[in-house]
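The values are calculated or read from the model by the stated rules, or taken from the named source; none is laboratory data. No experiment lies behind these values; they were computed from the predicted model shown. Quick reminder, even Gly has a Cβ in these numbers, built from the backbone with ideal geometry, and neighbours come from all protein chains shown. For the accessible areas, the whole protein counts, side chains as well, though only heavy atoms, and no ligand, DNA or RNA atoms are used. Shrake-Rupley method; radii C 1.70, N 1.55, O 1.52, S 1.80 Å.
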Amino acid sequence: MSGPGPGGSAPAAAASRRRGAVLIVLASLVATLLRRALLRRGPDGPSSPARPSEPPRGAARRDRESREEVPSARALWRRNGLVWLALLALLLTSFGAAYLPLGALNTVVGLLIALTKAGLVAVLFMELRRSGALMRLAGGAGLLFALVLFALTLTDFLTRLSGG
Amino acid sequence: MSDGALIKEPWSALPRQREGATLGIWIFLASEILFFGALLLAYTVYRIAAPAAFAAAARETNVWYGTVNTAVLLTSSLTMAVAAQAAATGAGFRRLVVWCLAATAALGLAFLVIKGFEYKEDLDKHLWPGAGFPLGQPAAQIFFALYWILTGVHGIHLTIGVVLVSRLCLLGALGRLPLARNPEIEVTALYWHLVDVIWIFLYPLIYLPGRAS
C-alpha cells in the first residue's frame, strides 16, 4: 500500500492511506472492547469473584455441575423456544424490510438483522454465555481475523472502485 | 453413571474432557468463519464494484424458497439446542435427545430437498454463468457464480452435519452410545449451529438485495 495506486495522484494516495489507517485503528479498537466485554463474564456470571485457591479443576467443575438445578424438559423447550420465536420474528422483519424502498439502508438493515440473529444463536443456542472465557476467545479470534480480512481488503477496494 | 464409558485418553475426568472437546470445536468453527469469510469477501468486493447488476441478479433468486429454508434451519437449530442441552444435564432425557436429534436431521434433509427444487428452477431459468445467461450485465453472472459456490459449499457442510446427527441419533436409539453428558453431542451441536449461522448471513446477501425496486 505504499505509493499511489494505478492512475492515482500522490495526494489521493495519501488520503486513502489515512483512511486505511483509521479503519485499522477502529477495527482493533472494536475488537479490543469486544474481547474485554466478553472476557469479563466468567462461567458463573458477572458476579463471580476471582478463584485464587482452586481445587483441581475437574473436581471443582463436577461439584458445580451437581449443585446446579437440572432443568425440566418444559424449561428447556421454553428457554430455547423463546429464542426461536425471536429468530423467526427477525427473519420476517428482514424479509419485509427488503421490500421497503430504503435505498442503501436496505443492505444495512439486512446485515444488522443477520448479525442479531447470529448473535442470538451464538450466545443462547451455542451457550457462549455459559462456556468458559476460553471458548469465547477461540470464537472471538475467528471473528477478529475475519474483521481484519475485511478491513484491510476494503481499504483498497472501497477507495479504488468507487473512484476515490 | 456411565461417565466411565465416555472418558477417553488422556482425560481422567469427564468435565475436563467436555471442555477440551468444546474448545477444539470452537477453534475449528473459527477456521470455518474465516473460510466462509473469504467467500463473502469476494461477494462484497464484486458487489461494491457492480451494485446494480448484483441487485438485478438477486431478484432472479426465489425468495420464497430462501425464506422457508431459513425458517427450516432456524427450527433445526432449536431442536439441536434442546437435544444438546438435555444431554448435557446428564439426567434421564434419553428419549427427548433421540427425538430431537431425529428432528434436527429431518429438518436438515428438508432443507436439502427444498434446495434441490430451487436448484432445478435455477437450472430451468439457465441461471449459471456462460452463454445463454438471461441477464445482460456481466456482473450478474458473477453473482450467480458466487451463488452456486456459496450455496453449494454450504450444502456440503449441511450434508456432513446431517450425517453426523443421524449417526448420533441412530446409535443413541439403539443404545450403543451413551447420550448423557456425551461430548460428541455437544461438538455436533456447535457444528450444526455454525452451519445455521452461515446460512443466516447468506440469506440477506443472496435473496434480499434488489427487492425494493
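Please go through segment B:151-197 and give me each residue that is small (Gly, Ala, Ser) and outside any helix (DSSP H, G or I), ordered by number. If you could, list the steps in order and put the result at the bottom.
Residues of segment B:151-197 that are small (Gly, Ala, Ser), as a first pass: B:152, B:155, B:161, B:166, B:172-173, B:175, B:180, B:189.
Result: B:GLY175, B:ALA180.
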Please name all residue pairs, on different chains or six or more residues apart, with Cβ atoms under 8 Å, provided the first residue is in segment B:44-59 and is closer than 18 Å to B:LEU202 by Cβ and the second residue is small (Gly, Ala, Ser) and assigned to a helix (DSSP H, G or I).
B:TYR46/B:ALA139; B:PHE54/B:ALA139; B:PHE54/B:ALA140; B:ALA57/B:ALA139; B:ALA57/B:ALA140
State which residue is nearest to the other protein chains (Cβ to nearest Cβ) when the search covers only segment A:85-109 and only residues that are small (Gly, Ala, Ser) and not in a helix (DSSP H, G or I).
A:ALA98
Go through segment A:140-151 and give me each residue that's open to solvent by less than 30 Å² (accessible area, probe 1.4 Å) and more than 7 Å from chain B (Cβ to nearest Cβ).
A:GLY140, A:ALA151
Checking A:LEU154, A:LEU82, A:LEU137 in turn, the sole residue that is open to solvent by 40 Å² or more (accessible area, probe 1.4 Å), modelled with pLDDT of 90 or more, in contact with a Leu (Cβ under 8 Å, 6 or more places away or on another chain) and more than 7 Å from chain B (Cβ to nearest Cβ) turns out to be A:LEU137
Could you give me the residue pairs with C-beta distances under 6 Å whose first residue belongs to segment B:139-157 and is open to solvent by less than 30 Å² (accessible area, probe 1.4 Å), whose second residue is among the hydroxyl-bearing types (Ser, Thr, Tyr) wherever it lies, and which are 6+ apart or on separate chains?
B:LEU146/B:TYR43
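Might you check whether a residue that is among the charged types (D, E, K, R) and either closer than 23 Å to A:LEU128 by Cβ or at pLDDT 95 or above (or both) occurs anywhere in segment B:106-119? Walk me through it before giving the result.
Of the residues in segment B:106-119, the ones among the charged types (D, E, K, R) are B:115, B:118.
Add one more test, that the residue is either closer than 23 Å to A:LEU128 by Cβ or at pLDDT 95 or above (or both), and what stays is B:115, B:118.
Yes, segment B:106-119 has at least one match.
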Taking segment B:1-20 as the region of interest, how many residues are touching a residue at least 40 places away in the same chain (Cβ under 8 Å) and either open to solvent by 30 Å² or more (accessible area, probe 1.4 Å) or within 25 Å of B:ALA212 (Cα to Cα) (or both)?
5
Which of the residues that make up segment A:111-126 are open to solvent by 30 Å² or more (accessible area, probe 1.4 Å) and either aromatic (Phe, Trp, Tyr) or facing chain B (nearest Cβ under 9 Å) (or both)?
A:LEU111, A:LEU115, A:LEU124
Would you check which residues across segment A:121-132 are of a type in the set (Gly, Ala, Ser) and modelled with pLDDT of 90 or more and list them?
A:ALA122
For segment B:85-104, how many residues meet the condition of being touching a residue at least 40 places away in the same chain (Cβ under 8 Å) and open to solvent by less than 10 Å² (accessible area, probe 1.4 Å)?
4
Is there a residue being more than 14 Å from chain A (Cβ to nearest Cβ), surrounded by 20 or more Cβ atoms within 10 Å (Cβ to Cβ) and under 29 Å from A:LEU100 (Cβ atoms) anywhere in segment B:199-207?
no
